[in-house]
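First up is the structure itself, then whatever we jot down about it.
Where a number appears in this text, it was derived from the coordinates with a stated rule and is not lab data. Fair warning: this is a prediction, and the values are worked out from it, not measured in the lab. Because the Cβ atoms are built from the backbone with ideal geometry, glycine has one as well, and the counts that use them run over all protein chains shown.
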Amino acid sequence: MSLLALDVGNTSTMVGLFDAADLVARWRVETRRAATSDEYAFLITGLMRMVDRPASDVQACVLSCVVPPLLPRLEEMVQTAFGCEAFTIRPAELGIPIEYHPPTAVGSDRVANAVAAAELYSLPAVIVDFGTTTTVDVVSESGAYLGGAIAPGIEASVAAMYANTARLPRVDIRPPAAAIGRSTEESIRSGVVFGFAAQVDGLVRRCAAELAARPVVIATGGQARLIATVSETIQHIDETLTLHGMRLLYDRHSPPTG
């Protein structure tokens, strides 16, 4: 059975195709809030054709969506394009220990990350997800989702900086050679990369102190590799963590089929 996983974020959507536990293909595309269910069906089936996988290969779908207006269109798309009912992750309904108030407010992607961390790494764990926002999620030694922190994401922060300044040039963001920038371009790189790494390291250390334990620290998301290269606390980079967490949630909690 092939399982289609759709992780729909505010800026980008991760599409993964699993054969059992093996992630055989994945794509990152722009989240299009105005797109119809037909347009999403055309996009996703087109991606699958790139790896010679017809829509008929998909027998199940797991869906995580943090953009509420898109959810009914995506559920309709799964039904019409793949002939199955999407298993939509709603963490508060799955019996997962969540110490977040209210439990219904925690994002399904954040809980998927926590489930994957507990399965694939050791506990306690701290997961840093670099997306539209930078989220820090903490999982206790017993596997409970404790909560974490939410901060502005790298791309959103950089876009806001350019939009609100007249003279700063647009530069490609990459690891800087030194903290003391000798030009405007180098200064921007230093501020963005070292600045976000320092933010992450500070949050991780504070979370570890509150846990009174030394957690494993995992980075995921689009900018994970960029910041992990200069971070002092990130131990693992796992760009497919959320997709694997979604697969685990589907395997454990989806209703039987057939």
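Overview of results
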quantity	calculated
Where a residue in the stretch 69-83 is buried (at least 20 other Cβ atoms within 10 Å of the Cβ) and its partner, wherever it lies, is part of a helix (DSSP H, G or I) and acidic (Asp, Glu), with Cβ under 8 Å and at least six apart	Met77/Asp38
In the stretch 119-137, the residues that are among the hydrophobic types (A, V, I, L, M, F, W, C) and crowded, with 24+ Cβ neighbours inside 10 Å	Ala125, Val126, Ile127, Val128
Selected residue [within 28 Å of Phe130 (Cβ to Cβ) and touching a Gly at 6+ places or on another chain (Cβ under 7 Å)] from Ala35, Ala92, Ala5	Ala5
In the stretch 144-187, residue nearest to the chain's Cα centre (by Cα) [restricted to those that are among the charged types (D, E, K, R) and part of a helix (DSSP H, G or I)]	Glu155
Looking only at the stretch 228-258, and only at residues there that are among the charged types (D, E, K, R) and outside any helix (DSSP H, G or I), the one that is surrounded by the fewest Cβ atoms within 10 Å (Cβ to Cβ)	Glu232
Some residue of the stretch 3-18 being touching a residue at least 12 places away in the same chain (Cβ under 8 Å) and exposed (fewer than 13 other Cβ atoms within 10 Å of the Cβ)	no
Pair list, Cβ < 6 Å and 6+ apart or interchain, from the stretch 163-180 residues that are touching a residue at least 24 places away in the same chain (Cβ under 8 Å) to residues that are part of a loop (DSSP other than H, G, I, E, B) and among the hydroxyl-bearing types (Ser, Thr, Tyr)	Pro175/Thr229
Condition check for Phe130: over 22 Å from Arg252 (Cβ atoms), in contact (Cβ under 8 Å) with a residue 40 or more places away in the chain and in contact with a helix residue (DSSP H, G or I) (Cβ under 9 Å, 6 or more places away or on another chain)	yes
The stretch 87-105: number of residues that are of a type in the set (A, V, I, L, M) and touching a residue at least 40 places away in the same chain (Cβ under 8 Å)	4
